[in-house]
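Here is the structure we will look at.
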Amino acid sequence: MYLNDNFWCEQVNHIPPLDLKRQYKIIGEQVSAAVQEVLTSGYYIGGSSVKSFEQQFAAYLGVSECIGCNSGTDALYLALRALDIGPGDEVITTPFTFIATAEVITAVGAQPVFVDIDAATFNLDITKIAVAITDKTKAIIPVHLFGQPMDMDAIMSVAQAHGIAVIEDCAQATGAQWRGKKVGSIGHIGCFSFFPTKNLGACGDGGAVVTNDDNLTASIRMLKEHGSSQRYYHEATGINSRLDAIQAAILAIKLSYLEQWNNARRQLAANYHQMLQPLSGVVVPQETASTHAVWNQYTIRLTKDSTSSKYRDQVRQQLQEKGVNSMIYYPIPLHLQPVYKTLGYQTGHFPVTEQVCNQVLSIPMFPELSFEEQQQVVYSLKDCLG
């Protein structure tokens, strides 16, 4: 299990950060059969495959309702709309996430309010949330980043004390748990992405909103169908956001493998933990005793330089030359993105986030990754670090 200095990394092929072709080799026949069944049925929008997947996914998460939609972005947008959040309202979230989390807040006319993160977990710093709440705050969107669950007990406690809603962004954390409860089932609404790179990924775009609230369910279903709960009768300005029947059929197959794949990710993460701990200048992600992470990404920090991304970028380039491909999630925090200049945030507002953006590197992580490939990753990284 420990890194062997005699391991000759050139004996192993180039390693991608993700390889969906390997997954398809395992489930390809099942997927082809399911797709053919949908095509033969003639029901390409809605129908039994969508309804069946929604029921299966709701049961898996332990919620009463699942509403399939076009993407994780749409899921977040629909959640905000269903909660009647709009102009003049504020929504608290993290500056260290994909733009979609904040983008949907802006899209409904509300204002994103950012809060700094905890460097150990990359998630929102719980201690800083309450001070960001104002009389305009209507919701919190905690992001279970990289498959690492937030402290949902603390989040729900703060939200309840201030009478605000919680929308869980579970895009990277399908199957993750906080104290035995799956993420998405704890807040008022849970939002999921089925983008192909996710733990439960479609063969195209897809998403879902889940909740235990019947009124929210009715509102979301109405909004996703052009604001219509009765054909040609439109109650609100909605959108067209459907989960395709073919994608639903594929997702149903993949859902049956999800626990197996997540367990493989956890074993890979444990291997990385053990092999990377001895390397100076490398900080591995931390998992608390209350979490059950699913490691959509395994993201380390290279701590030699916190003021610039130059060192991290050099190491990444050297790794690529050795056949190890990696990704950077995320190089620019949201509060410093050009689109949010009008919010008035400046460099230094969220120092932990800004430091992390200069240091993070996501190394290969997918269920089919072999231990020999992990050895190559770590050996190559050790060589790059000198």
> Do the conditions hold for residue 270, that is, is it assigned to a helix (DSSP H, G or I) and without any contact (Cβ under 8 Å) to a residue 12 or more places away in the chain?
Replying inline: yes
>> Condition (residue is touching a Pro at 6+ places or on another chain (Cβ under 9 Å) and either assigned to a helix (DSSP H, G or I) or of a type in the set (A, V, I, L, M, F, W, C) (or both)) applied to the stretch 274-291: is it met by at least one residue?
In response: no
> Are any residues in the stretch 249-295 crowded, with 22+ Cβ neighbours inside 10 Å, more than 24 Å from residue 377 (Cα to Cα) and either over 19 Å from the mean Cα position of the chain (by Cα) or of a type in the set (Phe, Trp, Tyr) (or both), and if so, which ones?
Replying inline: 249, 250
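Would you pick out the residues in the stretch 154-179 that are without any contact (Cβ under 8 Å) to a residue 60 or more places away in the chain and either not aliphatic (A, V, I, L, M) or not assigned by TED's automatic domain parsing to the domain that holds residue 60 (or both)?
Step one: filter the stretch 154-179 for residues without any contact (Cβ under 8 Å) to a residue 60 or more places away in the chain, giving 154-164, 166, 168, 170.
Once the filter is applied, which keeps residues that are without any contact (Cβ under 8 Å) to a residue 60 or more places away in the chain and either not aliphatic (A, V, I, L, M) or not assigned by TED's automatic domain parsing to the domain that holds residue 60 (or both), the stretch 154-179 yields 157, 160, 162, 163, 168, 170.
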> Among (1) modelled with pLDDT of 95 or more; (2) more than 27 Å from the chain's Cα centre (by Cα); (3) not in a helix (DSSP H, G or I), where does residue 38 come up short?
Replying inline: (3)
>> Condition first: touching an Asp or Glu at 6+ places or on another chain (Cβ under 9 Å), surrounded by 16 or more Cβ atoms within 10 Å (Cβ to Cβ) and not hydrophobic (A, V, I, L, M, F, W, C). Now tell me which residues in the stretch 91-127 satisfy that.
In response: 93, 94, 95, 97, 101, 111, 112, 116, 118, 121, 123, 125
> Which of the residues that make up the stretch 8-26 are surrounded by fewer than 17 Cβ atoms within 10 Å (Cβ to Cβ) and modelled with pLDDT under 95?
Replying inline: 8, 10, 11, 13, 14
> Taking the stretch 273-291 as the region of interest, how many residues are over 17 Å from residue 361 (Cβ atoms) and either acidic (Asp, Glu) or touching a residue at least 40 places away in the same chain (Cβ under 8 Å) (or both)?
Replying inline: 6
> Does the stretch 272-285 contain at least one residue that is small (Gly, Ala, Ser) and touching a Lys or Arg at 6+ places or on another chain (Cβ under 8 Å)?
Replying inline: yes
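Residues checked against (1) within 24 Å of the chain's Cα centre (by Cα); (2) assigned to a helix (DSSP H, G or I); (3) farther than 22 Å from residue 318 by Cα; (4) of a type outside the set (A, V, I, L, M):
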| site | (1), (2), (3), (4) |
| --- | --- |
| 347 | no, no, yes, yes |
| 362 | yes, no, no, yes |
| 381 | no, yes, no, no |
| 386 | no, no, no, yes |
> Which pairs have Cβ atoms under 7 Å, sit 6 or more apart or on different chains, and link a residue in the stretch 208-229 that is surrounded by fewer than 18 Cβ atoms within 10 Å (Cβ to Cβ) to one that is at pLDDT 95 or above and among the polar types (S, T, N, Q)?
Replying inline: 212/64; 226/240; 227/237
> How many residues does the stretch 281-303 hold that are modelled with pLDDT under 95 and either farther than 27 Å from residue 143 by Cα or basic (Lys, Arg) (or both)?
Replying inline: 0
> Which strands (runs of 3 or more DSSP E) does the stretch 116-204 wholly contain that include 2 or more residues that are under 14 Å from the mean Cα position of the chain (by Cα)?
Replying inline: 165-169, 189-193
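Do the conditions hold for residue 200, that is, is it in the same structural domain as residue 168 (by TED's automatic domain parsing) and within 22 Å of residue 138 (Cα to Cα)?
On the way: in the same structural domain as residue 168 (by TED's automatic domain parsing): yes; within 22 Å of residue 138 (Cα to Cα): no.
When the stated conditions are applied, residue 200 does not pass them.
The values are calculated or read from the model by the stated rules, or taken from the named source; none is laboratory data. Quick caveat: nothing in here was measured; it's all calculated off a predicted structure. All Cβ positions, even for glycine, are placed from backbone atoms using ideal geometry, and neighbour counts span all protein chains on display.
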